[in-house]
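Visitor: Below: one structure in structure tokens.
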Amino acid sequence: MLLSIHALSRTAAAVLTAAACTVSPSPAARDSVSSAAPSGTPAANVRDVVSASAHPDSVDPMSDQPQSSFHRMLTQKSSGFDEPAELVIRDRAALESAWARLFDQVQGNPAPAVDFTRETVLLVALGRRSSGGYAVRVDAVTRRGESAVVRYTVTSPGPGCMSTQALTSPVEVVRTTRLSGAVRFARRDLEQRC
């Protein structure tokens, strides 16, 4: 009796092992992994371009990296940044200069207090756009040792979308825990569907 129970349990274990070896990845897992980077494109930039139809539950290759918390300081549709900019601000003088530019040198908009011994300010500006419907939003700040990657999304109006016919220059400013190393910005473009 004991021998037959032992043989039965060994057979069940073999069946379970064989079944585990034949399981295929889920469609979401297959869709989220790229087999190869396009010719001439560095592998690190493949993830930077994401379509609006990407699965929200897709595996993010950066998800195992520590994420820094950040706080939004300012989000505006119009600013004094007529050219695109990705700024890492590490001192008071640089913050005051950027803040004055944000408000086109108009007095009465002092830069907020920031403790640069503990925090770094990040600014992303799209530059001048010929209409409304554009926006920029910081999505994540991912640390890699002393360096970091700032991921942000640029939203633009799709064909047929109604938008204001006025010049805009979207910008977002966030602050995060102090970044002492190199900082790379990774842009994702998203087109609105109307």
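Visitor: So which residues in region 82-141 are farther than 29 Å from GLN165 by Cα, assigned to a loop (DSSP other than H, G, I, E, B) and in contact with a Phe, Trp or Tyr (Cβ under 7 Å, 6 or more places away or on another chain), if there are any at all?
Guide: ARG90, ASP91, ALA111
Visitor: Show the residue pairs that are 6+ apart or on different chains and have beta-carbon atoms under 7 Å apart, the first residue being within region 116-144 and without any contact (Cβ under 8 Å) to a residue 60 or more places away in the chain and buried (at least 17 other Cβ atoms within 10 Å of the Cβ), the second being among the β-branched types (Val, Ile, Thr) and not in a strand (DSSP E or B).
Guide: If the second residue must be among the β-branched types (Val, Ile, Thr) and not in a strand (DSSP E or B), the pairs left are VAL121/VAL114; GLY132/THR164.
Visitor: Just give me the residues in region 156-181 being among the small types (Gly, Ala, Ser) and surrounded by 12 or more Cβ atoms within 10 Å (Cβ to Cβ), in sequence order. Steps first, answer last, please.
Guide: Restricting attention to region 156-181, the residues satisfying the condition of being among the small types (Gly, Ala, Ser) are 156, 158, 160, 163, 166, 169, 180-181.
Result: SER156, GLY158, SER163, SER169.
Visitor: Further question on the same structure: What pairs come up if the first residue lies in region 87-112 and is in contact (Cβ under 8 Å) with a residue 24 or more places away in the chain and among the charged types (D, E, K, R), the second is crowded, with 16+ Cβ neighbours inside 10 Å and not in a loop (DSSP other than H, G, I, E, B), and their beta carbons are under 7 Å apart, counting only those six or more places apart or on different chains?
Guide: Hits for this filter: ARG90/THR120.
Throughout, read-outs are computed from the coordinates displayed, never taken from laboratory work. Bear in mind that the values here come from a model prediction, so they are computed numbers and not experimental data. Neighbour counts run over all protein chains shown; Cβ positions are idealised from the backbone, glycine included.
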